[in-house]
Structures are given as structure tokens and as C-alpha cells.
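Right, one structure below, let's go through it.
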Amino acid sequence: MKTDVRYQNGFLYEHHGAWYVRYYQRTSKEDGTRQLNHASKHLGRSKDFRNISDVALCRASFMQTINRDRLSANSRITLTAFVEGAYLPWTKEERRASTSKGHHEIWINHIRDHVGNLHLREFRTVDASRMLRAIAKANDLTTTTLQHIKSVLSTIFTYAKNEGAFDGANPVDGVLIPRHAKEPGETHAYDLGQVLQLLDRLPLLEKSLVATAALAGLRQGELRGLEWTDYTGTELVIKRSIWMSVVNLPKTRASRDSVPVIPALAEILDEYRKSMGNPEAGGVFHCGDGRPVCVDKLGRRVIRRALAGIRLPWYCWHAFRRGLASNLYEIGAQDKVVQRILRHSKPHVTRERYIKVFDRTVLDAAGKVQARIEELRQAKEDRRQLELKFGDNGSLQSLADGGFLPFSPVKPPFSHQTSTGSVVSYSK
């Protein structure tokens, strides 16, 4: 008999001033068979909840207990049944919408066809290793994509351990990425000169968006979630992020912070605000209907065209954020300062993924090496001239070889006339 591992959300309803959740529960009958029946759980009185969101949170907490108990009791669940019946529904409840969508796509496009009928509790590191090699062989994927696939698979088992559906060490932790996988493509950043050229060519809405991304480092979702109440004239307070139509908190706790607004950016934002009728509240970037703009569409249709006018490719919105990190680094800002402005949780993310060294910076560094070489050559020539001035005998020859004066140089001979008129020479 096929085991029912369907993840239940439960049906929420209000009755006689109280909230309940209805769900399915299997019960055993006297003849040994099991029957699926409805069950209800009283969540609390209606007046005890501030709003429907609080009720939904209470329901989700209770249903996780129901689902966990059912999964823990079944040791023969296949990996496919667990992921599709429990893990993916859990990501919709507990993770950001964009994260849930990404995990669902990786499972469908890359993992599911390679799992077969493997049972969850029988899955080993060797299975994950073979799976990654098969995925890499079947698709021309980069090491970054394979790392994402490995991360999703690892998270599946972390969740299974937390729900009691899997015991032991996470079998994905020791899996190696295939050595012959394709290297990821190079990421790019716009330098400050390119940003200024672009701003001169854009309409006011797009100009304000690009300036905020390039001079304050906001992400796409943060640009869409920005409201006028978040802008003080000298800083932007990042409180929300919008992905598609879903409003979330910013990506991490470190992301929920303020960023400075330099006068050049304030001038552009103030001009844009004036063109919108000086609103005191509401979304900053919209097309007149109050709904957040689609920054991807503006990037493809407007900004790409403006970049083509200055013979630059469109590298996507994140290139402005990388550009801010790289521009700050170029003018001497410390890593910790760049991390704070970009609001990263960990400094290595800023250093390894965001700071780009522009070509002119490399040329300047090479120029400084050449200048130092010239200084050393000149110093050597000066020592040679000093040697020629004092003569070319004795240990001064070491100067011509690039050495230093000895501690006790040989003194030149001197003479002394005796009382008899003879001359005696001395040398030391």
C-alpha cells in the first residue's frame, strides 16, 4: 500500500468566536485497517488574535507538528516523496518566495530525474557524489550552478534531520564538485566614469533608479520596496524588498540598515521627487499607478539602449552594486567600510564577489612598479658617480657593484717631514 506523505497546510475557519484548523488524520480500526478522517484543532478565541496573519502563523506552527509526526513514523519514505510532499511545501511557508521558487526549479530541472527510487534514510554521500557527476555530464553547467544544486540537496537533508525523518550526519556535506565542470563566467562592474556618462543619457525615472543603485548600492528588490518615508535627505533606511508582488524584509539582518546619500544622489532624488508632486509617502519608483516599477523591463528597454550609445554592454542591475564596492575600494575605502555600505553579513562576500579591480587601477599599479625601478636605477647611478669621485681603488669598487660603503674604509697615505729633512710616508 502506498504511504500517504502529502504535506498538509490545514483548512482555517472561524466558528462561534474561535479559530480552528481542520486536517486529515489516519486512525486505526478494530480490524487493523486504517481510515482517513477529518480532525479539527482549536487554535484560540478570535479576540485573542490581532489579525488574520497571527492566526495563520498559529495554524502553520500546529500543522508542522502534524506533518513532522507523520514523517517521523515512516522510515521507508523515498527522497522524491519527502521533497515533493514535505520539503517544497515547507519552503513556501518558511522561506522567501524567491528562495522557494529557486529550490523548486533546481529540484525539477536537475535533481528529480537522478534520484530514482532511493529511500530518504538510505541515501549516502556516494549517492550524492554520483548524482552531481551525472548532472554535470548531462548538462553543460558551471561550478557555481553545481554548487547551488549541492546546497539545495544539503538543505533537504538538514530539514529532514530537523523533522526526524533522517538520522545521522548530512550525507551531502562531503560531496566534491566535479573537477571538469565549466568555470563560471566573469562578473562585471560599472566604474564611476561609466555611471556618470549613463546618467547624462537617461530620463529622470531611470536616472534616479540607476543613481540609487550605483551610488547607494541598493538591490533590485530594495529599489522596488523603497518608500519616501525611508528617505531623509542624507540617508536611505532599507526596510523592505519586493520580489514580483511579494513584499519581504530585506535579504538579511545586516541588509536592514541605512545607507548614506551623497549630495550628488540627493540632488537627483530631490529633482525626481519634485517631478512627482513632492509626495510625502508611498513608493518611490513607480510609473504613476502606485505599483512598483519592473526594474528588469526598464533595464532591457531603456538602460540597455542608453548604454549602447556609449558603447557599453548591459551587465544587469547587480553591476551597479558591484561598481559601488569597486569604486569605494579604488579610492582607498577599507573592506569593512565597503561591507557596511553594501550591508553584507560577512566581509569575505564583499571581497570575493563584489570588489572588482578596474583595468586602469592595474595599469596604475604597474606604473608605480616602473617608477620604483627607475628610482632604484637612479640611486645606483648616484653611487657609481660617488665612486668615481673618490677613485676606483680599494673597497669602493663595491659601490659599482651596487653594494654599500664598508664600515672602516682604507685611508689614503700621508707623509711627515722629519727634523733631518727626510720624508717618511705612512699608510694605514
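The values are calculated or read from the model by the stated rules, or taken from the named source; none is laboratory data. Quick caveat: nothing in here was measured; it's all calculated off a predicted structure. Glycine gets a Cβ as well: all are built from the backbone with ideal geometry, and neighbour counts include every protein chain shown. Note: accessible area is taken over every heavy atom of the protein model, side chains too, but ligands, DNA and RNA are not part of it. Shrake-Rupley method; radii C 1.70, N 1.55, O 1.52, S 1.80 Å.
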**OP:** Show Tyr315, Tyr13, Tyr231 ordered by accessible area, largest first, where the area counts protein heavy atoms only and the probe is 1.4 Å.
**Re:** Tyr315, Tyr13, Tyr231
Subject >> Amide N of the stretch 191-233 lying under 19 Å from the label point, which is placed 7 angstrom from the Cα of Arg311 along Cα→Cβ >> reply: 191-201
**OP:** Take every Cα pair under 8 Å in the stretch 164-269 that's 6+ residues apart, average their separations, divide by the length, and report that relative contact order as a whole percent.
**Re:** 20 percent
Original post:
Which cross-chain or sequence-distant (5 or more) residues have an amide H under 5 Å from the amide H of Asp257, H modelled 1.01 Å from N in plane?
Top reply: Ile238
Original post:
Can you give the accessible area of Lys336 in Å² (nearest 10), computed on protein heavy atoms with a 1.4 Å probe?
Top reply: 130 Å²
**OP:** Kindly sort Met63, Met244, Met276 by accessible area of their heavy atoms, largest first, with the probe set to 1.4 Å.
**Re:** Met244, Met276, Met63
Original post:
Near the amide H of Ile242, under 5 Å away, which other amide H atoms are found, from residues 5 or more places off or on another chain, if H is placed in the peptide plane?
Top reply: Glu222, Arg224, Gly225, Asn248
Subject >> Whole-number percent relative contact order across the stretch 192-330, with pairs defined as alpha carbons under 8 Å at least 6 apart >> reply: 32 percent
Subject >> Karplus (6.51, -1.76, 1.60) ³J(HN,Hα), θ = phi - 60°, over the stretch 174-181, in Hz, Gly and Pro reported as x >> reply: x, 6, 9, 6, x, 5, 8, 5
Original post:
Placing +1 at every Lys and Arg Cβ and -1 at every Asp and Glu Cβ, with all other atoms neutral, what dipole size does the stretch 162-274 have around its Cα centre, in debye to the nearest 20?
Top reply: 180 debye
Original post:
Can you work out ³J(HN,Hα) from phi for every residue in the stretch 187-195, in order, using Karplus 6.51 cos²θ - 1.76 cosθ + 1.60 and θ = phi - 60°, giving whole Hz and x for Gly and Pro?
Top reply: 8, 10, 9, 8, 7, 5, x, 5, 4
